[in-house]
Structure formats: structure tokens, C-alpha cells
Amino acid sequence: MVFSVAALSSSVALADDNYGCQALLCFAGGKGVAECASTIRQVTRDLAKGKGFPHCSFVSPGGSNPGDYNTSGVFTRWLGKNNNVCPDGETRGQWKSGKGFRCQAMILTIKGAAEDGSDVVREINW
């Protein structure tokens with residue numbers, strides 16, 4: 001299943017019921033697309049507040065059909081004392097005295113979303 005991020009550009013004001021679907025599209029392959037920037041920021045803000053990954057009514061969380069998705073629980077990724085960049089390459093880790101830098105993280109797996117039909121796996125950091 002191939003996702004088209006270009007469809008996101010048609011609407012600036014996004015309804016709540018589309019938010020989860022946009023989040024899936026953006027994390028599946030649109031992280032570098034300008035239209036995805038605000039969605040990605042909102043998802044990471046929501047996760048930082050303890051909310052779950054947003055729901056998309058077109059796919060099933062925990063399902064096995066193409067486009068369905070799974071998320072891991074939130075976990076702490078320790079980066080060490082000399083590295084302050086989280087695995088997403090953008091987020092800066094927070095310093096924890098005596099332990100080093102850390103990021104909060106969640107793994108998102110989108111079934112069959114790659115062009116070759118394999119799963120897309122993304123680590124979301126905040």
C-alpha cells in the first residue's frame with residue numbers, strides 16, 4: 001500500500017476525525033514534507049501530554065491488514081552522556097543528572113505501508 005502525502009496539502013484546517021489518518025500518512029513517509037510538519041508537532045505534543053497515538057477510522061489499531069497499525073507503549077531511550085540527539089535525528093534529549101541524555105519514545109508500525117509491501121516502522125521521539 002502506497003500512501004500519498006500530497007493529498008494533505010488540500011486542506012489547511014484539519015478536522016479532528018482526519019487527524020489520526022494524517023498522522024499515519026505523515027509518519028509512514030511524509031516526515032520531510034512541509035504539509036506534515038504541524039501534524040507531526042501536534043502528535044509529539046499530545047504524546048508528551050500522555051495521550052495515545054491518534055486513531056484513524058480507515059484502519060484498525062492492532063490489525064494485520066495493510067495500513068493497519070500498532071504502537072508500542074511509551075518508553076525511555078537512554079542516549080548516554082555524549083549524545084543528545086534522539087533516534088529520529090531531530091529531537092534533542094533531556095539531561096538526567098548522573099545518567100545522561102534521554103528521550104521519550106514510542107514505536108509505530110504501519111502494516112504493508114512500504115512500496116514493496118513490507119511494514120514501515122518509525123520511532124517517534126519527544
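Rule-based calculations on the coordinates, nothing more; no lab input. If you're wondering where the values come from, they're calculated on a predicted model, not measured in any experiment. Don't worry about glycine lacking a Cβ; one is built from the backbone with ideal geometry, like all the others, and counts go over all protein chains shown.
Give me the extension gain from LYS96 to LYS49: residue separation times 0.36 nm, minus the current Cα-Cα distance, reported in nm with one decimal.
Contour length minus the Cα-Cα distance gives 15.0 nm.
Full-extension gain between SER118 and THR71, please, as 0.36 nm times their residue separation minus the C-alpha to C-alpha distance.
In short, 15.3 nm is gained.
Under the 0.36 nm per residue contour assumption, what length would be gained going from the current alpha-carbon distance of ASN82 and ILE107 to full extension?
Roughly 6.6 nm would be gained on extension.
For VAL74, what is the net charge nearby, where nearby means another residue's Cβ is under 13 Å from its Cβ and Lys, Arg count +1, Asp, Glu -1?
Taking every Cβ under 13 Å from that of VAL74, the sum is +2.
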